[in-house]
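The values are calculated or read from the model by the stated rules, or taken from the named source; none is laboratory data. Owing to the predicted nature of the structure, the values given are computational and were not obtained by experimental measurement. All Cβ positions, even for glycine, are placed from backbone atoms using ideal geometry, and neighbour counts span all protein chains on display.
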């Protein structure tokens, strides 16, 4: 599917201003402007990326109440349960809060529900067991904002609940918890609205550690892991916390993470946000999808390397298992698309299948959304019931469309880009028709065409090593702070492209002044051009080191002949 190239308009005056005041290249200046950074002061703060720019945690609504209640529980020797989600964000958040409460002398346990047996969020049976074990306070991490009945049930058992959750709030309704910490509440004045679940956990820790000898910053390695893996916007505080966290991660001071890094084949390498998103994060996520998430918690809590190494091996094994399951379901889903989806009428892909592991259907939905550039919801059937997971595309707010279909669903939750649903099997066809009817009525046709946002159109010979070094200073890269994408035109292919990996290729390109190696890793589905062809290239530049030599490399995003 051909992509629409959206090249951002250059701002020569802004480039001159930032380049002059900050002593940077005009290329880097334009990249800053593209990210909404227009003044030298803003640019300086962005590049310095200081922890001091983060906001006071007590600005968060109910933070003072939460801190007072937790301190009361600690002093009166109440048993506290830290209850999280089974993804990387929830697992790292639970570990951060658990460690903190332990340091403060609390009687505390950590709990992650099993995705298959218990589902997402608080559940009645877990609350009942907590009551039987003497728990009087539950602190949620990355879940709970929609657990209305569960919070009421806990209260009936004399258990108070503190909810910390970054997920969307449906129709302004909040659970009747003792405290609710979520910056998306209308009455919450916290300036930054995009914290991950582990980011909110960090804010709670920061508040609890005030006037103590402990430092919340000791957890920034875990904060960066959960923040990047949860694909929240890497801007503002998220970027600051992640940048410092990745630096901490590379100190290799946490035994469990060190073991996981080694088991993942990253020993001796500098870990980046890319490694978190594509290597470390999936291994932890695999435990929540097809294994036991408690094993991942145990790994991150470990203080013995030998024990941690064994757990890291388990995570590797479960990740390979997840990949096999995922490959089978993807093949079945693609076959269903060919038979069941009419792209003239279906703007939202809704598929259901027996024996689809509910732990991996979200990944498959993401693959389909990327391939067909349509929101995709996959439903795993178990008898008369189905559990679904969805992923969206730009400018299609998935949660808002689920609200329009709520009468057909048993339950649902999520945000703009992803969702989870519970639905009766007999209602799936009606749901598919309804969400597609709403999409046809409200969504504009152009949002269903794939696009690629390009930062600059530049001559290839403008690329120099110092510019690429400056570009790296904009990291960590992620959602809303993507790795810069450039386009260079009228290039020639110097040699015959060589195939690499699964569908990838390498080739040398030149503008007759500079020659660079261009690489496709097979993820974009690009056709291999013929030698001598004239081409325009869309790419991300980087420095490639090999046997002590460094050279400029272009990672291909798109090609036009």
* Return the residue satisfying two criteria in turn: it lies in segment 480-500 and is surrounded by fewer than 17 Cβ atoms within 10 Å (Cβ to Cβ) and either under 25 Å from the mean Cα position of the chain (by Cα) or within 20 Å of residue 277 (Cα to Cα) (or both), and of such residues it is modelled with the highest pLDDT. => 482
* To do: State which residue is modelled with the highest pLDDT when the search covers only segment 507-523 and only residues that are closer than 21 Å to residue 450 by Cα and surrounded by fewer than 18 Cβ atoms within 10 Å (Cβ to Cβ).
  => 521
* To do: Identify the residue in segment 126-141 that is in a strand (DSSP E or B) and out of contact with any helix residue (DSSP H, G or I) (no Cβ under 8 Å at 6 or more places or on another chain) and, among all such residues, is surrounded by the most Cβ atoms within 10 Å (Cβ to Cβ).
  => 140
* When you go through (1) closer than 24 Å to residue 80 by Cβ; (2) surrounded by 22 or more Cβ atoms within 10 Å (Cβ to Cβ) one by one for residue 211, which number turns out not to apply? -> (2)
* Asked: Got a sec? Which of 198, 180 is under 24 Å from residue 216 (Cα atoms), touching a helix residue (DSSP H, G or I) at 6+ places or on another chain (Cβ under 7 Å) and crowded, with 24+ Cβ neighbours inside 10 Å?
  -> 198
* Sole residue being under 30 Å from residue 141 (Cα atoms) and more than 22 Å from the chain's Cα centre (by Cα), chosen from 50, 25 -> 50
* Being closer than 20 Å to residue 52 by Cα and at pLDDT 95 or above is the filter; apply it to segment 219-233 and report the residue that is farthest from the chain's Cα centre (by Cα). => 219
* To do: Assess whether residue 367 counts as being touching a residue at least 60 places away in the same chain (Cβ under 8 Å) and in the same structural domain as residue 402 (by TED's automatic domain parsing).
  => no
* Structure fact -> Of the candidates 390, 420, the one satisfying the condition of being modelled with pLDDT of 95 or more and not in a helix (DSSP H, G or I) is 390
* Asked: Is it true that residue 474 is farther than 29 Å from residue 221 by Cα and surrounded by 14 or more Cβ atoms within 10 Å (Cβ to Cβ)?
  -> no
* To do: Assess whether residue 232 counts as being closer than 28 Å to residue 314 by Cβ, in contact with a strand residue (DSSP E or B) (Cβ under 7 Å, 6 or more places away or on another chain), in contact (Cβ under 8 Å) with a residue 12 or more places away in the chain and outside the structural domain of residue 91 (by TED's automatic domain parsing).
  => no
* **Search result, residues across segment 142-168 that are in a loop (DSSP other than H, G, I, E, B) and either surrounded by fewer than 20 Cβ atoms within 10 Å (Cβ to Cβ) or in contact with a strand residue (DSSP E or B) (Cβ under 7 Å, 6 or more places away or on another chain) (or both)** => 142, 143, 144, 145, 146, 157, 158, 159, 165, 167, 168
* Asked: Out of all the residues in segment 43-50, is one or more outside any helix (DSSP H, G or I), surrounded by 15 or more Cβ atoms within 10 Å (Cβ to Cβ) and touching a helix residue (DSSP H, G or I) at 6+ places or on another chain (Cβ under 8 Å)?
  -> yes
* Structure fact -> residue 350 fails exactly one of (1) modelled with pLDDT of 95 or more; (2) more than 23 Å from residue 398 (Cβ to Cβ); (3) crowded, with 21+ Cβ neighbours inside 10 Å, namely (2)
